[in-house]
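Working notes, structure below.
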Amino acid sequence: MQSAAVAHRHFLDGGAAASSFPLSHFKPTPSTASPFSVRMSLREDAPSLAVVGVTGAVGQEFLSVLSDRSFPYRSIKMLASKRSAGKKYTFEDNEYVVEELTADSFKDVDIALFSAGGSISKEFGPIAANCGSVVVDNSSAFRMDDGVPLVIPEVNPDAMAHIKLGSGKGALIANPNCSTIICLMAATPLHRRAKVLRMVVSTYQAASGAGAAAMEELELQTREVLEGKRPTCKIFKQQYAFNLFSHNAPVLPNGYNEEEMKLVKETRKIWNDKDIKVTATCIRVPVMRAHAESVNLQFASPLDENEARDILKKAPGVVVIDDRASNHFPTPLEVSNKDDVAVGRIRRDESQDGNYGLDIFVCGDQIRKGAALNAVQIAELLL
Ligand SMILES: NC(=O)c1ccc[n+]([C@@H]2O[C@H](COP(=O)([O-])OP(=O)(O)OC[C@H]3O[C@@H](n4cnc5c(N)ncnc54)[C@H](OP(=O)(O)O)[C@@H]3O)[C@@H](O)[C@H]2O)c1
């Protein structure tokens, strides 16, 4: 049986990651592309693509999402570090050889999907944009830059309306942080109805958020601990299996870590609201894949839990799992490999007067909607 840690590498291994949970709540995310632009994936009149960081957790998911959504392309360049050059991938029945990323990689590339870390994006993102590619970047390198749209297609597609494919001009578009995307997929429909004044977020973040090597380390440590051995700690400084700890992002002078401040700053940019009050505590939990978040919301106008539930049921990319009778609410396992963000535990915040506060619990596959799917949806908006 394929291990959970390596299940994401299905283009290398030839087997798709499987979920043992029923799919009944979930629906395929509708394509945001124009109707005539999809379905026949490999086409001469379609854009040329590059996937930067193709061997990584997000890079592999890019391939999966492109294929699932029949994203049209006339060619795909698969790029990674020198270490991976020469590796072979089969994608939609064609064999591709991974090339080393260099400054020459972007000639004739229309859309470049980047997921190779911030320093690679900083170095090669502008090179690609100068070559005329539209870069959709998964790192935090450009997210807060003025002039770089930070986009969740269901939330603020207009932020990138000025960027056109085929104009000869390259551009940078940033994919938000995975925790921000998952949180705002659920909070935005409620914000549109009742205006959020303050949001308190606590996260329970999976190994997959730290990349393929972290998933492998969690699996290895779990085995080692069960066998009574000392756990190998290479990616994280401390034992991860059977433990949890404050997010490994660097801690800033204000006591928040960088992951927490991303939630604060990115929410303000995406909602175009400098006054929105956001605070966050981000925790790494020994879950293989998919993040969970407890989100407390304070509103400017009253919003009762029944109306909130109805709004969320109708929200694109959101599924409600809120079964109090059987104590069934969203779990990371249930959303793994799914497109939708699941919301449950929808209840009035007893600490606030009237219907001005709600608590919700959100789970989303952060490699998928938190990274690859969101980026491909951004690319679809360009078609
Ligand atoms: N994991 C998530 O859920 C998630 C969510 C949102 C955003 N992101 C962001 O996406 C990026 C990648 O994350 P990941 O989780 O996929 O990490 P990962 O599994 O560690 O993969 C990293 C990728 O970057 C490539 N790379 C490293 N150094 C390179 C170089 N010098 N030149 C070219 N390629 C290089 C690696 O290629 P080799 O195999 O050749 O080393 C690999 O393909 C990060 O910026 C991360 O913050 C991740």
With the charge dipole of the stretch 258-331 built from beta-carbon charges (+1 for Lys and Arg, -1 for Asp and Glu) about the Cα centre, the Cα from Ser326, Ser294, Ala280 projecting farthest to the positive end belongs to Ala280
Phi-derived 3J(HN,Hα) across the stretch 328-345 with the Karplus relation (6.51, -1.76, 1.60, θ = phi - 60°), rounded Hz, x for Gly and Pro, is 10, 9, x, 10, x, 4, 6, 9, 4, 6, 10, 7, 6, 8, 9, 10, x, 6
For the stretch 234-380 the mean separation of alpha carbon contacts under 8 Å (6+ apart) over residue count, i.e. relative contact order in percent, is 22
Packing-ranked peptide list from 357-367, 121-131, highest mean Cβ count within 10 angstrom first, is 357-367, 121-131
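Restricting to DSSP H runs of at least four residues, report the calculated mean residue ellipticity at 222 nm for the chain, -39500 (n - 2.57) per run over all residues, nearest 500 deg cm²/dmol. Can you show the working numbers first?
Numbers: 9 runs with 97 residues, N = 383.
Computed ellipticity for the chain at 222 nm equals -7500 deg cm²/dmol.
Using a probe of 1.4 angstrom, how much of the accessible area of the stretch 180-367 is carbon and sulfur, in percent?
On the way: 4120 of 8220 Å².
Taking all protein chains in place, the stretch 180-367 shows 50 percent carbon and sulfur surface.
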With the label point 7 Å along the Cα-to-beta-carbon line of Asp275 and a cut-off under 17 Å to each amide N, the hits in the stretch 284-325 are 298-302
Scaled by the rule-of-thumb 2.2 N^0.38 Å, the alpha carbon Rg for the stretch 180-367 gives a ratio of 1.08
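How much of the DSSP beta bridge set in the stretch 180-367 is antiparallel, as a percent to the nearest 5?
That works out to approximately 70 percent antiparallel.
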The local net charge around Gln239, scoring Lys/Arg +1 and Asp/Glu -1 for residues other than Gln239 whose Cβ lies under 10 Å from its Cβ, equals +1
Averaged per residue, the 1.4 Å probe accessible area of the stretch 42-106, protein heavy atoms only, in Å², is roughly 41
In the chain, helical segments from DSSP H whose Cα atoms cover 30 Å or more along their own axis and that average at least -1.0 on the Kyte-Doolittle scale are none
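Per-residue counts of other Cβ atoms within 10 Å, averaged by peptide: what ranking do you get for 171-177, 318-324, highest first?
Numbers: 171-177: 26.0, 318-324: 18.0.
Ranking, from highest mean packing down: 171-177, 318-324.
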FRET efficiency (Lys313, Ser67; Cβ distance; R0 25 Å; to 0.05) is 0.30
The stretch 180-367 accessible area per residue, 1.4 Å probe, protein heavy atoms, integer Å², reads 44
Using alpha carbon centers only, the stretch 303-355 is separated from the stretch 214-285 by a whole-angstrom value of 24
PRE zone check, label point 7 Å out along Cα-to-Cβ of Arg347, amide N under 11 Å, scope the stretch 307-324, hits 324
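Seen from all sides and averaged, what is the projected area of the convex hull of the Cα atoms in the chain, in nm²? Display every interim value, and only then the final one.
Details: hull surface 78.8 nm².
Seen from a random direction, the Cα hull of the chain projects 19.7 nm² on average.
With a 10 Å radius around each residue's Cβ, average the other Cβ atoms per peptide and rank 185-194, 200-209, 157-166, 326-335, highest first. Please report the intermediate quantities before stating the final value.
Numbers: 185-194: 21.6, 200-209: 24.1, 157-166: 14.2, 326-335: 17.8.
By packing density, highest mean first, the sequence is 200-209, 185-194, 326-335, 157-166.
The values are calculated or read from the model by the stated rules, or taken from the named source; none is laboratory data. Since this is a predicted model, take the numbers as computed values, not measurements. Ideal geometry is used to build each Cβ from the backbone, glycine not excepted, and the neighbour counts take in all protein chains shown. Surface accessibility is based on the protein's heavy atoms, side chains included, excluding ligands, DNA and RNA. Shrake-Rupley method; radii C 1.70, N 1.55, O 1.52, S 1.80 Å.
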